[in-house]
Amino acid sequence: MMKSVEEFMKSKNLKINNHIDSQKISERKVDNQETTEEEIIKKDVIKDKTNIEAENSRDRRLKSLEELDKAKTKVLKYIAYKKRTENEVRTKFKDQIQEEILEEIIEYLKQAHYLNDYEFIQKQINEYMKLKTMSIKEIKYKLYSKGLDRKLVEKYIDENREELEEYEKNCIEKIKIKKSGTMDEQEIKQFLYRKGYNIN
């Protein structure tokens, strides 16, 4: 039985529409596949970049640790030869070691008791008292010239004032005996005054 024109057209349109729909589905599949591949590539690129950054960061840390170890060895050799102050260490290495690394080393040395300004003051004053005739004022200036903290110097002197004043009196007597052959009493007093002795 022959189809009517209307039925024929409907059948034709249905086939066309089905073909178009199939084409669209196929295109969407291709698009989705392409999108998925792009995402995978992007993820791989990001992953590679992250790995490279992590490796660079690790390399920087290793290099920094190597620099720290080398610098620490250098400073330890310097303070092993002779007891030093914080200021002496900073002055010696300020142009050789990065400031941040140097401060880290100084902090380590302080915690390990390799660097202790109060102990340095004690050692220096004991040496002065054994080998020299110096007034307390001269001792202070000598210590200040080494870059030691004034408050720390004053603290030590206040805590040991009785012993230091006794030492100063003995120095005055030694100087009087030594200078008596070439100076009169007034000249000796002036000499002691210039040296910072308490002659009252």
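The values are calculated or read from the model by the stated rules, or taken from the named source; none is laboratory data. Note that the coordinates shown come from a computational prediction; the quantities given were computed from them, not determined experimentally. Here the Cβ positions follow ideal geometry from the backbone for every residue, glycine too, while neighbour counts run over all protein chains shown.
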For helices (runs of 4 or more DSSP H) lying entirely in the stretch 118-195, having 3 or more residues that are among the aliphatic types (A, V, I, L, M) and touching a residue at least 12 places away in the same chain (Cβ under 8 Å) picks out 136-144, 150-159, 161-179
Does residue 129 qualify as being in contact with a Phe, Trp or Tyr (Cβ under 8 Å, 6 or more places away or on another chain), surrounded by fewer than 17 Cβ atoms within 10 Å (Cβ to Cβ) and outside the structural domain of residue 82 (by TED's automatic domain parsing)? no
